[in-house]
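Note sheet for the following structure.
The values are calculated or read from the model by the stated rules, or taken from the named source; none is laboratory data. None of the values given here were measured: they were computed from a predicted structure. Please note that ligands, DNA and RNA were not included when accessible areas were found on the heavy atoms of the full protein model with its side chains. Shrake-Rupley method; radii C 1.70, N 1.55, O 1.52, S 1.80 Å.
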Amino acid sequence: MRANERTALVGEKCLLVPYLKRHVDHYNKWMQSPELLEMTASEPLTLTEEYEMQESWHLDEEKCTFIILAREPGQVVTAENILEQKMVGDVNLFFNDHDDPHSAEIEIMIAEPDYRRKGMGLEAIRMMINYARQSLGTNKITAKISTENKGSIQLFLTQLGFVQISYSQIFEEVTLEKVLSGKVNTSNTVGETPGQDMLQSHFETLELDLKDLDL
């Protein structure tokens, strides 16, 4: 999606930046891992295919992708140094519901084991949902999660306020949903209506310089 091609989001623990060619080699190495392939229900790609995928997703208006970078405690982050930080995962939105263009499915992957269970995934999801609500006009988010991934299911239910709307015995997955409502305020948080406080996320938005983007 070109809407976020120059956008970076700066949170307390993580940074979200567009998926660029500079990230492809590292991403492709991640996706040779049987664990990550199973986690994301993906097939391994060659490096050439991964470059083609990156370019395709950049131009596809139904896919919004951010690479998750780690932010070290107390680190000063600027538009000039943000792309130099360590890659740890990605977070995506898929606008596949053509009957409801304001609905999106969210997926997240923390690929680096050392950065799991540190609250980074939770912050990245909140940042992505806030960005989608404010900048993309999204008013409903769904998540499809394997029934074996009980930790992720509990995270979405108990810490993000999603509700389960369906279960697929064939695919062994549940579908969770969160309807976004309330007024978006200037502190980069979604609304002030009951239940929306679970999505609160304070972050800064940076505009990246075109010369730093290998689009």
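Under 12 Å Cα-Cα from residue 144, which aspartates and glutamates qualify once same-chain neighbours fewer than 8 residues away are excluded?
Residue 144 reaches 105, 107, 172, 173, 177.
Any chance you could run the full-extension gain for residue 97 through residue 57? It's 0.36 nm times the residue separation minus the Cα-Cα distance, nm to one decimal.
Working: separation 40, 0.36 × 40 = 14.40 nm, distance 1.70 nm.
My answer for the length gained is 12.7 nm.
Given a 1.4 angstrom probe, I'd like the percentage of the accessible area of the chain that is carbon and sulfur, rounded to a whole number.
49 percent
What's the Cα-based Rg to Rh of the range 117-175, Rh via Kirkwood?
1.00
So, for the range 7-182, what is the accessible surface per residue at a probe of 1.4 Å, expressed in square angstrom?
Counting only protein heavy atoms, the per-residue value for the range 7-182 is 49 Å².
For residue 21, which lysines qualify as cross-link partners when the Cα separation must be under 19 Å and same-chain residues fewer than eight apart are set aside?
29, 63, 86, 211
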